[in-house]
1. Tally time: how many residues in region 54-73 are under 24 Å from the mean Cα position of the chain (by Cα), over 16 Å from residue 26 (Cβ atoms) and touching a residue at least 40 places away in the same chain (Cβ under 8 Å)?
2. Restricting attention to helices (runs of 4 or more DSSP H) lying wholly within region 67-157, give those where 1 or more residues are at pLDDT below 95, out of contact with any helix residue (DSSP H, G or I) (no Cβ under 6 Å at 6 or more places or on another chain) and exposed (fewer than 15 other Cβ atoms within 10 Å of the Cβ).
3. So, in region 188-206, of the ones that are under 16 Å from residue 106 (Cβ atoms) and touching a helix residue (DSSP H, G or I) at 6+ places or on another chain (Cβ under 6 Å), which residue ends up surrounded by the fewest Cβ atoms within 10 Å (Cβ to Cβ)?
4. Looking at region 228-237 only, could you name the residues that are surrounded by fewer than 21 Cβ atoms within 10 Å (Cβ to Cβ) and on the phi < 0 side of the Ramachandran plot?
5. Hey, any hits in region 207-218 for a residue that's free of Cβ contacts under 8 Å to residues at least 60 places away in the same chain, over 18 Å from the mean Cα position of the chain (by Cα), surrounded by fewer than 17 Cβ atoms within 10 Å (Cβ to Cβ) and outside any loop (DSSP other than H, G, I, E, B)?
6. In region 330-346, is there at least one residue being under 24 Å from residue 240 (Cβ atoms), within 19 Å of the chain's Cα centre (by Cα), at pLDDT 90 or above and outside any helix (DSSP H, G or I)?
7. I'm checking my understanding of the structure. Among residues of region 255-286 that are assigned to a loop (DSSP other than H, G, I, E, B) and within 18 Å of the chain's Cα centre (by Cα), which one is nearest to residue 29 (Cα to Cα)?
8. On the given criteria, is residue 185 modelled with pLDDT of 95 or more, surrounded by fewer than 22 Cβ atoms within 10 Å (Cβ to Cβ), touching a helix residue (DSSP H, G or I) at 6+ places or on another chain (Cβ under 7 Å) and under 18 Å from residue 260 (Cα atoms)?
């Protein structure tokens, strides 16, 4: 494969062309992208987290960065070519489920890839987060069982106290294990799901075209709130770096037109105002503040700003990949809207030590 092409096929561009078309806000490039491209070590770590194609596109926006561009280009070519059939299969699966009576709404990775990025291969999607109505789950299980899907153990969600989430099930994989799907009945656990109900997300969902068929995705306001909630679920660790790029592109495209009052109403109803305030403080630290109007309330406290500055610094330098448990507890105590919610989570953990709960989708085999 020629070194000057990246996923070259009808309708695709070279890596340099994709980098030029990647409309990242200037502040984001200066405050996050440029530090990530500051040296070869960080660029390699970034490629591990966001994929080589997106890293190469970022490098195109930092022409003075002294990084190993040829190695990066070679890795990007391979990943881009491999990503296309997986992305097509995931979108095709969504279309088949919709036609079969269990329509999903995609959010996060797959939805971002087809709606926010100038070339979908820039957003690698080894899995897909799919939301289903509760009444559609029996039909979903029937079809997935017929197609040979099975529940798999996800190392990222295995804890001593078991799976605590009410929102989703253990990841599912097809017989060849080429990808994973995360089946959600809620986009996040209560009380957040009371502000972002499944019914509301389905009512506002948008249908878009993809190379695997028509795909329903969450509306931009909902997508932004979901990014904020899932950044908290990831404890703001570098594994969530891809989602910061999603947020940057979402705000660049939709920021001025977002219904920010609706975003605030959802956060209040779902009791995740502190998480939203912190997320916006984090976005301000990485150059996205001008695209995020302040809610009609007090600005983030000095403590939240210091905490956000520390998280942003870690995203820039990639020095700590896992948050220690004490810091995770600090995030929960600081960012839950109520101390009762923090106590509820820790109580569930203690109960889980005695009887770890399972969250496998009933009716499917486990591997």
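1. 3
2. Correct list: 69-99.
3. 196
4. 230, 233, 234, 237
5. Scanning region 207-218 turns up at least one residue that is free of Cβ contacts under 8 Å to residues at least 60 places away in the same chain, over 18 Å from the mean Cα position of the chain (by Cα), surrounded by fewer than 17 Cβ atoms within 10 Å (Cβ to Cβ) and outside any loop (DSSP other than H, G, I, E, B).
6. Checking region 330-346: not a single residue is under 24 Å from residue 240 (Cβ atoms), within 19 Å of the chain's Cα centre (by Cα), at pLDDT 90 or above and outside any helix (DSSP H, G or I).
7. The selected residue is 286.
8. Considered against the rule, which asks whether it is modelled with pLDDT of 95 or more, surrounded by fewer than 22 Cβ atoms within 10 Å (Cβ to Cβ), touching a helix residue (DSSP H, G or I) at 6+ places or on another chain (Cβ under 7 Å) and under 18 Å from residue 260 (Cα atoms), residue 185 comes out as no.
The values are calculated or read from the model by the stated rules, or taken from the named source; none is laboratory data. Note that the structure is predicted; figures quoted are calculated from it, not measured. Please note: Cβ atoms are built from the backbone with ideal geometry, for glycine as well, and neighbour counts cover all protein chains shown.
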